[in-house]
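**Q** This is the structure I have questions about; it appears just below.
The values are calculated or read from the model by the stated rules, or taken from the named source; none is laboratory data. On a predicted model such as this, the values are computed, not experimentally measured, just so you know. Cβ placement follows ideal geometry from the backbone for every residue including glycine, while neighbour counts extend to all protein chains displayed.
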Amino acid sequence: MRGRGRGMKRARPGRAGGRGGGGTPGSKPKRSKQFWAQRKTAQITAIPGQSDAENESSSSDEETPRPDEPEAEPTQTNQSEPELDDDEAIGTPQDPFVARIEREIPTSLTQVIKTKRYQTQSQYFKHLGRLAVQPPQWTPQTSPHNQSPGLLSAEDDPSHEALLQAQNRLVQAAARQPQDRSLKGLCVKPQLKRNVASANPVRSDPESQYDLSPWQSELFHLFNSYRDVSYGERTLAQGPSLRFAYTLHALNHLLKARAQILTNNAILAKDDQAATQSGDGFRDQGLCRPRVLIVVPFRDSALQIVKLMGQLLFGSDHGGKIGNRTRFEQEFDAESPTRRNKPDDFYDTFTGNVDDEFKIGIAVTKKSLKLYTDFYASDIIIASPLGLRMVIGGLGDEKMDYDFLNSIELLIMDQIDVFAMQNWEHVIHFLEHMHRQPQKSRDVDFSRIRMWSLNKLAPFYRQTLLFSQVLMPEMNTILNKYCMNYAGRVKVSNPIVGGSIRQVVVSVPMVFHRFESSSPVEAVEDRFNYFTNKVLPEYKKDLMYHTAIVVPSYFDYVKVRNWFKKSDLDFLEICEYTKDGKVAKARDLFFHSDTHFLLYTERVHFFKRLVLKGIRHLVFFQLPQYPHFFTELANYMQTVYQNKKGGSDGNMSCAIVYNKYDAQRLAGVVGTERAGHMMGAEKNVHMFIAGSN
């Protein structure tokens with residue numbers, strides 16, 4: 001069949017649903033001792049009776065639509081025993097990868113996760129800080145055959161009980177502080193382990209015995225537990241270190257999956273009857289080939305990830321081949337802008353190629369990294385939210401393509417805060433199309449598809465890693481609505497001390513107005529009514545010229561702008577869609593007192609970081625997503641930015657509108673402790689004098 005690799009055999013007659021032949025439909029055949037002896041031998045050597053040279057020569061570098069057959073390689077595995085060293089543990093129940101994917105979880109556990117019943121355990125890591133670990137509120141059932149706790153009933157597999165216990169640990173084990181910074185005990189593939197030291201961009205001491213920094217080590221331990229991770233304290237300086245940690249985890253997961261498939265291919269190539277004896281023993285794939293999806297905002301981020309992949313797989317000497325490298329570097333590389341008068345974080349965010357419409361498929365083999373492969377022939381997909389939206393298509397389109405999202409086992413979303421500045425609808429769009437029933441079979445060998453994938457349980461086996469510069473309600477929405485990982489989740493949640501208001505240097509009274517609302521949906525209209533009826537009337541007076549109104553959301557901005565037009569107020573506007581000429585004109589007229597109000601969006605400040613001169617009264621329709629934007633805009637009220645003919649320094653003010661659903665944004669500005677007091681206080685108006693302690 002066209003596009004079928006060596007490992008993609010047709011399902012044999014009598015193997016309905018991929019089960020072994022004989023017996024009643026759906027029954028599992030008894031596995032013989034000879035089968036397990038053969039299976040154990042095949043785990044140690046990829047193709048028994050062949051040398052490594054023969055294994056490599058029997059492989060082909062041709063692109064295939066399944067991850068079965070790039071080329072055979074030895075798999076460093078052994079039986080599951082407590083005294084196994086790290087390399088021997090790979091491929092055994094001691095390996096978190098094996099413990100996670102080998103068995104189907106019970107209905108009782110899926111129901112617990114669907115109903116969001118989690119228990120919260122507080123942990124503390126030295127460098128990450130406070131963790132909220134949330135495993136499912138579930139107790140393992142007792143197996144009727146061996147009377148031991150497990151996720152499944154016992155089978156004839158000798159290692160079944162050990163596997164069940166390992167799965168239970170994934171669900172119930174507490175997160176523990178790493179004892180050291182080595183990769184020992186983490187079941188990292190030797191191919192990656194030997195290159196970690198040279199590839200790590202933040203390894204300061206080449207002579208150090210540790211390959212990871214303390215912060216990286218703690219993060220990687222969390223990744224390796226296969227829980228979902230939400231980290232909302234990512235800094236731009238941590239970007240390279242974080243990128244390395246999750247790239248290492250993604251490749252480690254992928255190489256283990258590939259080694260498992262090659263091992264099974266070797267058994268089937270030697271003994272065509274092994275599949276009949278094994279029952280479900282050779283189920284090692286999903287309905288589609290892609291296993292890892294990495295979503296980043298800019299092309300430069302994708303460029304850095306691919307570079308790390310090459311270094312981790314092949315080392316600094318680049319012994320492997322990266323296909324289409326020249327084309328990739330031409331399309332994804334670019335010079336960073338010259339640093340001038342904008343803040344450093346602006347240049348750190350918009351470094352290199354900042355195009356936000358891209359996607360690229362990557363196929364991984366033993367000695368090559370193939371770029372620009374078709375999505376259905378790829379192991380890894382790196383894309384932006386907009387790039388995925390363009391591939392999937394919009395609702396109502398005649399043709400939509402989302403099958404490649406069906407079998408994703410690892411979803412990584414980095415710089416989620418930037419996604420919100422681009423277009424959050426694109427993020428929701430691709431999340432809504434994850435794990436949907438494929439529209440086409442695409443030459444699938446159903447005898448190799450995992451039963452939990454056929455039973456539509458793939459969402460429970462997907463690990464999701466979320467990273468953002470700031471804590472956002474949207475991250476909680478993703479976790480609660482789109483993440484169903486049966487191992488649970490971990491949130492890094494540290495209190496914010498002081499807040500960004502401490503960096504405001506002008507002595508201006510800042511009045512925080514709290515309004516009440518019963519739901520996030522109603523809060524949109526309640527905020528608008530409170531702003532127009534309670535706050536804005538004070539700023540219509542002639543003494544309140546030079547009033548800048550900051551509106552973070554573009555949808556709120558449109559609503560406020562339309563209300564200003566309807567009310568016939570004197571205003572100008574600057575948003576992300578305003579042409580440069582009109583932006584310059586609006587800034588000039590505002591500075592020279594030719595207009596009363598200036599409407600300004602957070603998104604235009606994010607993308608252009610304009611300096612607004614002449615602000616004497618500052619109103620925040622909602623607190624900005626980035627706390628430091630509050631500081632920047634407030635500090636534009638300094639004397640150096642004022643028109644001397646525009647008014648008195650004593651006539652300056654700042655007003656902020658917020659409610660209980662803005663708790664995370666408020667904490668970023670005034671600190672966690674003060675935000676808690678303000679939210680729970682009987683008074684709904686609080687005043688701070690900026691520039692004081």
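**Q** Could you tell me which numbered condition Val524 fails, if it satisfies all but one of (1) farther than 22 Å from His596 by Cα; (2) among the aliphatic types (A, V, I, L, M); (3) more than 33 Å from the chain's Cα centre (by Cα); (4) surrounded by 14 or more Cβ atoms within 10 Å (Cβ to Cβ)?
**A** Just one mismatch for Val524, condition (3).
**Q** How many residues does the stretch 124-147 contain that are at pLDDT 90 or above, assigned to a strand (DSSP E or B) and surrounded by fewer than 17 Cβ atoms within 10 Å (Cβ to Cβ)? Show your work before the answer.
**A** Our first condition is that a residue be at pLDDT 90 or above; within the stretch 124-147, this holds for 124-137.
Next, from what is left, pick out any that are assigned to a strand (DSSP E or B): 124-125, 129-134, 136.
Restricting the remaining residues to those that are surrounded by fewer than 17 Cβ atoms within 10 Å (Cβ to Cβ) gives 124, 129-130, 132.
The qualifying residues number 4.
**Q** Taking the residues in the stretch 527-555 that are in a strand (DSSP E or B) and within 13 Å of Phe571 (Cβ to Cβ) as candidates, determine which candidate is nearest to the chain's Cα centre (by Cα). Talk me through it step by step, then tell me what you get.
**A** Just the residues of the stretch 527-555 that are in a strand (DSSP E or B), to begin with: 547-551.
If we keep only those that are within 13 Å of Phe571 (Cβ to Cβ) too, we end up with 547-549, 551.
Values: Thr547: 39, Ala548: 35, Ile549: 33, Val551: 27 Å.
Only one residue tops the list, namely Val551.
**Q** Which residue is surrounded by the fewest Cβ atoms within 10 Å (Cβ to Cβ), if the candidates are limited to the stretch 217-270 and must be assigned to a helix (DSSP H, G or I) and among the charged types (D, E, K, R)?
**A** Applying the first criterion (assigned to a helix (DSSP H, G or I)) to the stretch 217-270 yields 217-224, 239-270.
Within this subset, residues satisfying the condition of being among the charged types (D, E, K, R) are 218, 243, 256, 258, 270.
Numbers: Glu218: 22, Arg243: 21, Lys256: 22, Arg258: 24, Lys270: 15.
Looking at the filtered set, the residue picked out is Lys270.
Conditions (1) part of a loop (DSSP other than H, G, I, E, B); (2) in contact with a Phe, Trp or Tyr (Cβ under 6 Å, 6 or more places away or on another chain), marked per residue:
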{"position": "Lys370", "(1), (2)": "no, no"}
{"position": "Val391", "(1), (2)": "no, no"}
{"position": "Glu398", "(1), (2)": "yes, no"}
{"position": "Phe404", "(1), (2)": "no, yes"}
{"position": "Ala420", "(1), (2)": "no, no"}
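**Q** Scan the stretch 564-591 residue by residue and report those that are farther than 20 Å from Lys540 by Cβ and assigned to a loop (DSSP other than H, G, I, E, B).
**A** Pass one, the stretch 564-591, residues farther than 20 Å from Lys540 by Cβ: 574-585, 587-588, 591.
Once the filter is applied, which keeps residues that are farther than 20 Å from Lys540 by Cβ and assigned to a loop (DSSP other than H, G, I, E, B), the stretch 564-591 yields Cys575, Glu576, Tyr577, Thr578, Lys579.
**Q** Residues in the stretch 377-389: is at least one over 15 Å from the mean Cα position of the chain (by Cα), more than 20 Å from Gln469 (Cα to Cα) and assigned to a loop (DSSP other than H, G, I, E, B)?
**A** Checked against the condition, which is being over 15 Å from the mean Cα position of the chain (by Cα), more than 20 Å from Gln469 (Cα to Cα) and assigned to a loop (DSSP other than H, G, I, E, B), the stretch 377-389 yields at least one hit.
**Q** Let me ask something additional. From the residues in the stretch 458-500 that are assigned to a helix (DSSP H, G or I) and of a type in the set (Ser, Thr, Tyr), which one is nearest to Val98 (Cα to Cα)? Give the derivation first.
**A** Initially, the stretch 458-500 is screened for residues assigned to a helix (DSSP H, G or I), giving 458-461, 473-482, 500.
Adding the requirement that they be of a type in the set (Ser, Thr, Tyr) leaves 461, 477, 482, 500.
Numbers: Tyr461: 12, Thr477: 29, Tyr482: 24, Ser500: 45 Å.
Result: Tyr461.
**Q** Looking at Val551, Val583, which one is surrounded by fewer than 19 Cβ atoms within 10 Å (Cβ to Cβ) and either β-branched (Val, Ile, Thr) or in contact with a Pro (Cβ under 9 Å, 6 or more places away or on another chain) (or both)? Walk me through it before giving the result.
**A** Values: Val551 fails: surrounded by fewer than 19 Cβ atoms within 10 Å (Cβ to Cβ).
Step by step, each of Val551, Val583 is checked, and only Val583 is surrounded by fewer than 19 Cβ atoms within 10 Å (Cβ to Cβ) and either β-branched (Val, Ile, Thr) or in contact with a Pro (Cβ under 9 Å, 6 or more places away or on another chain) (or both).
**Q** List the pairs whose first member sits in the stretch 531-552 and is more than 25 Å from Thr639 (Cα to Cα) and at pLDDT 90 or above, whose second member is of a type in the set (Phe, Trp, Tyr) and in a helix (DSSP H, G or I), and whose Cβ atoms are under 9 Å apart, counting only residues at least 6 apart or on separate chains?
**A** Listed pairs, sorted by first residue: Thr532/Trp563; Pro552/Phe629.
**Q** With respect to Arg327, determine if the residue is free of Cβ contacts under 8 Å to residues at least 60 places away in the same chain, surrounded by fewer than 18 Cβ atoms within 10 Å (Cβ to Cβ) and in contact with a helix residue (DSSP H, G or I) (Cβ under 9 Å, 6 or more places away or on another chain).
**A** Details: free of Cβ contacts under 8 Å to residues at least 60 places away in the same chain: yes; surrounded by fewer than 18 Cβ atoms within 10 Å (Cβ to Cβ): yes; in contact with a helix residue (DSSP H, G or I) (Cβ under 9 Å, 6 or more places away or on another chain): no.
Here the answer is no, as Arg327 does not meet what is asked.
**Q** Among the listed residues Ala675, Ala663, Ala655, which satisfies the condition of being aliphatic (A, V, I, L, M), within 37 Å of the chain's Cα centre (by Cα) and within 17 Å of Tyr545 (Cα to Cα)?
**A** Values: Ala675 fails: within 17 Å of Tyr545 (Cα to Cα); Ala663 fails: within 17 Å of Tyr545 (Cα to Cα).
The match here is Ala655.
**Q** Does Val558 satisfy being surrounded by fewer than 19 Cβ atoms within 10 Å (Cβ to Cβ), over 40 Å from the mean Cα position of the chain (by Cα), in a helix (DSSP H, G or I) and hydrophobic (A, V, I, L, M, F, W, C)?
**A** Values: surrounded by fewer than 19 Cβ atoms within 10 Å (Cβ to Cβ): yes; over 40 Å from the mean Cα position of the chain (by Cα): no; in a helix (DSSP H, G or I): yes; hydrophobic (A, V, I, L, M, F, W, C): yes.
No, not satisfied.
**Q** Quickly run through the stretch 330-351 and pick out the residues that are without any contact (Cβ under 8 Å) to a residue 40 or more places away in the chain, under 19 Å from Leu308 (Cα atoms) and of a type in the set (S, T, N, Q).
**A** Across the stretch 330-351, the qualifying residue is only Gln330.
**Q** Let me ask another. Any idea how many residues of the stretch 604-644 are closer than 24 Å to Phe515 by Cα and within 34 Å of the chain's Cα centre (by Cα)? Can you show your working first?
**A** If we filter the stretch 604-644 for residues that are closer than 24 Å to Phe515 by Cα, which is where we start, we get 617-631, 633-634.
Those left that are additionally within 34 Å of the chain's Cα centre (by Cα): 619-631, 633-634.
The qualifying residues number 15.
Let's see how each residue does on (1) out of contact with any strand residue (DSSP E or B) (no Cβ under 6 Å at 6 or more places or on another chain); (2) within 25 Å of Tyr577 (Cα to Cα):
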position: Leu598; (1), (2): no, yes
position: Thr601; (1), (2): no, yes
position: Phe607; (1), (2): yes, yes
position: Leu618; (1), (2): no, yes
position: Pro624; (1), (2): yes, yes
position: Thr631; (1), (2): yes, yes
position: Lys644; (1), (2): yes, no
position: Gly650; (1), (2): yes, no
position: Cys654; (1), (2): no, no
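**Q** Here is a follow-up. Can you name the condition, by its number, that Ala275 falls short on among (1) within 23 Å of the chain's Cα centre (by Cα); (2) surrounded by 21 or more Cβ atoms within 10 Å (Cβ to Cβ); (3) modelled with pLDDT under 95?
**A** (1)
**Q** Between a first residue in the stretch 435-451 that is within 16 Å of Arg289 (Cβ to Cβ) and touching a residue at least 40 places away in the same chain (Cβ under 8 Å) and a second residue that is of a type in the set (Asp, Glu) and part of a helix (DSSP H, G or I), which pairs have beta carbons less than 9 Å apart while being 6 or more apart in sequence or on different chains?
**A** Cβ pairs passing all conditions: Pro438/Asp403; Arg442/Asp403.
**Q** Further, regarding this structure: Pick out the one residue from Ser653, Ser593, Ser567 that is of a type in the set (S, T, N, Q), at pLDDT below 95 and under 30 Å from Val521 (Cβ atoms). Let's see the steps before the verdict.
**A** Values: Ser653 fails: under 30 Å from Val521 (Cβ atoms); Ser593 fails: under 30 Å from Val521 (Cβ atoms).
Exactly one residue qualifies, and that residue is Ser567.
**Q** Please determine, by comparing only the residues of the stretch 165-182 that are touching a Phe, Trp or Tyr at 6+ places or on another chain (Cβ under 8 Å) and farther than 12 Å from Leu222 by Cβ, which one is modelled with the highest pLDDT.
**A** Checked the stretch 165-182; the qualifying residue modelled with the highest pLDDT is Val171.
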